[in-house]
Each structure stands twice: as structure tokens, then as C-alpha cells.
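Undergrad: What follows is a structure written as C-alpha cells; I'll ask about it next.
The values are calculated or read from the model by the stated rules, or taken from the named source; none is laboratory data. Computed from a prediction, not measured in an experiment: that's the story for all the values here. Quick reminder, even Gly has a Cβ in these numbers, built from the backbone with ideal geometry, and neighbours come from all protein chains shown. Please note that ligands, DNA and RNA were not included when accessible areas were found on the heavy atoms of the full protein model with its side chains. Shrake-Rupley method; radii C 1.70, N 1.55, O 1.52, S 1.80 Å.
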Amino acid sequence: MESPSLSVGMVGLGAMGLPIAQRLLAAPFKVSAVARRPDAAREAAALGIEVVDSISELAARSDVLIICVYSDEQVDEVTFGAGGIAEGLGPETILINHTTGRPSTAQRLDALAAERGASFLDCALSGGPHDIARGELTLLVGGDVEVLDRARRVLESYASPILHVGAAGDGQKVKLLNNAVFGAQVALAVQAEKAAVGLGMDPGPVLAALTQGSARSFALEAASGHGSASGLVASAGRFIAKDVAVCEEVADELGADLGSLLALAREATPPG
């Protein structure tokens, strides 16, 4: 099957979803989406994305259907709400979820797909819009390897590496651990910045120097890029807080001991 004949539907055209759609168009694939805001619909149409009226219609016409929204609650709404994916999902469709959330949500989506003769991939992601633009988004995939192979052409248009980590739900577990480690590293960067000030130094050059030594980490590089660790927290803290909160809930639900990871990660979340 030639790429342009493969229909890919997008549920969510936000900061991550829109650049994914742009990479899909360039691949090229036929890309359709639902846009709830008139300005988003106009922008999507201007890019060459076909805007359809409802999510259930989008689900019924897509060979591959990608969910890329902000939260578990939004996944539930677009999937199981009135006019949602559950009303239109048919056999042979591959349903992909990029939203960070609970493993149980991924398992519910997997069960829905199985009921309809469709397939599901739990594709937790790591990275940002700049990674998508370069085709270098990291995907942590839970699901059947054969289904992943069928979807690989689509995923490779915006993601590399694509890492298979287990069954549906396992992608979310690895993503939550990744974010807990990242949050802990951000907290360490904040402490390093405070220590530099305490030593009477300008923390900017200190953070830049640490990125070149054995203390190097993605969080330190991000903090240095923002000019300070506090700047990084101001920019990304709400996303870290959301993911740390979900990680805590999942750990409690599964009875998992994450040691000091969560305690450190909480320090990187903004107050309030």
C-alpha cells in the first residue's frame, strides 16, 4: 500500500499533535482531524489537513487513529464520550495513544480495540515539538510487536527511536518512571543552583560547566538552556507536577515502591 492511500486520523492538534500532523503530511499520508476551535480548524485546513465533523466519523474513516491530548480525562472524553472514538472505531484500525496517563487507561483502550476487531498501541512519548520537527521523538511502546510493525511506517515519520517495552500499559509505566527521574534531576539542578549562589558564584556559568562534566544530564542541559534551574521549573513545572501526580497514583494503585524518586521529583514542581 502506498503511503498517500493510508488514512491517518488525529484527535488533538495542540502543541504536540499539530507538528505530528505536519510530519505525517510531509511523509506523505492522508491526514484528517477534528478541530473543536474555529481557529484550529482554519489552521489545520490551511496546512492540508481534512477537518471532519465528529470524532466518531474520524474513527470510522481512519486506518490509523492517533490520540494526542493533554490528560487521561481528555482521553476518556474523546474515546468514551458522546460522539467519541468508541462509537466509530471499526475492525482493522490501529488506535494509538500518545497521551501520558495511567496504565489502566491504556488497558481500557486495548480492550476497546479488541472488542471492535481493531488493534491498539500504547505509545507514550518523550520529547517536545522540536524533536517532532526533526523526526526524533522518542516512543515507549506497549502492545503487540506485530501491530507495531504494521504501524511503524506511520510512527517513523516523526519518531526515532521507537522502543518496544512490553504490553499495553507498559509504555505508560516507563514514561512515568522517565518523568519521575527527570523531575528528580530537575530538583538536583535546583539544589546545585542554590549551592552555587551559597558559594558566592553566578549559577549560570556553573550550570553550563556541569553540563560538560560527569554530572551531565538532560535536566541540567535544559536548566542551562533556560538560563537557570528556576527558569526551567517555571517553564515545565506544571507538566512535571501533572506527571509526578499520576506516577504517585499509579505507584499506590500497583503497590510499587519508587524509593526517593517521587520525593525528589516533588521538589521540582512549582508551589500551588
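Undergrad: Taking R0 as 25 Å, what's the FRET efficiency between residue 252 and residue 144 from their Cβ-Cβ distance, rounded to 0.05?
TA: According to the calculation, E is roughly 0.30.
Undergrad: How many nm is it between the label spots at residue 263 and residue 47, if each spot is 7 Å from the Cα in line with the beta carbon?
TA: My value for the distance between the label points is 4.4 nm.
Undergrad: Put +1 on the Cβ of each Lys and Arg and -1 on the Cβ of each Asp and Glu in the range 130-272; which of 212, 160, 268 then has its Cα farthest toward the positive end of the dipole?
TA: Result: 212.
Undergrad: Considering only protein heavy atoms, what per residue accessible area in square angstrom results for the range 56-169 with a 1.4 angstrom probe?
TA: 37 Å²
Undergrad: For the range 74-93 and the range 209-252, what is the centre-to-centre distance using only Cα atoms, to the nearest Å?
TA: Centre-to-centre (Cα) distance: 34 Å.
Undergrad: With a ≥ b ≥ c taken as the square roots of the eigenvalues of the C-alpha gyration tensor of the chain, please select rounded if a/c is under 1.5 and otherwise prolate if a/b is larger than b/c or oblate if it is not?
TA: prolate
Undergrad: Can you give me the % of accessible surface on the range 193-272 that is carbon or sulfur? Probe 1.4 Å, all protein chains present, nothing else counted.
TA: Answer for the range 193-272 is 58 percent, counting heavy atoms of protein chains only.
Undergrad: What's the magnitude of the charge dipole for the chain around its Cα centre, counting Lys and Arg as +1 and Asp and Glu as -1 at the beta-carbon? Answer in Debye, nearest 20.
TA: The calculation lands at about 620 debye.
Undergrad: Of 139, 71, 118, which is farthest along the charge dipole of the range 57-140 in the positive direction, counting Lys and Arg as +1 and Asp and Glu as -1 at C-beta?
TA: So the residue furthest toward the plus end is 139.
Undergrad: As a test of the formula, what do you get for the chain when each DSSP H run with n ≥ 4 contributes -39,500 (n - 2.57) and the sum is divided by the residue count, at 222 nm and rounded to the nearest 500 deg cm²/dmol?
TA: -16500 deg cm²/dmol
Undergrad: Which is the longest part of the chain that has none of the GluC sites (Glu not before Pro) sitting in a DSSP loop with at most 10 other Cβ atoms within 10 Å?
TA: Counting at most 10 other Cβ atoms within 10 Å as exposed, the longest clean stretch of the chain is 93-272.
Undergrad: Next up: When the label point is put 7 Å from the Cα of residue 80 along its Cα-to-beta-carbon vector, which residues of the range 34-73 have a backbone N closer than 20 Å?
TA: 55-57, 59-60, 66-73
Undergrad: A further question on this structure: Distance from a point 7 Å along Cα→Cβ of residue 104 to each backbone N in the range 216-256: keep the residues under 20 Å and list them by number.
TA: The answer is 242-256.
Undergrad: By how many degrees, between 0 and 90 and to the nearest 10, does the Cα long axis of helix 170-198 differ from the longest principal axis of the chain?
TA: 30 degrees
Undergrad: For the range 148-272, with only Lys/Arg (+1) and Asp/Glu (-1) charged at the beta-carbon, what is the dipole magnitude about the Cα centre, in debye rounded to 20?
TA: That gives a dipole near 340 debye.
Undergrad: If the label point is 7 Å along Cα→Cβ of residue 15, which residues in the range 234-249 have backbone nitrogen under 19 Å from it?
TA: Backbone N within reach: 234-247.
Undergrad: Taking loop as defined by DSSP and a crowding limit of 15 other beta carbons within 10 Å, which trypsin sites (Lys or Arg not before Pro) in the range 175-219 fit?
TA: In loop regions of the range 175-219 (DSSP not H, G, I, E or B), the sparsely surrounded trypsin sites (Lys or Arg not before Pro) are 216.
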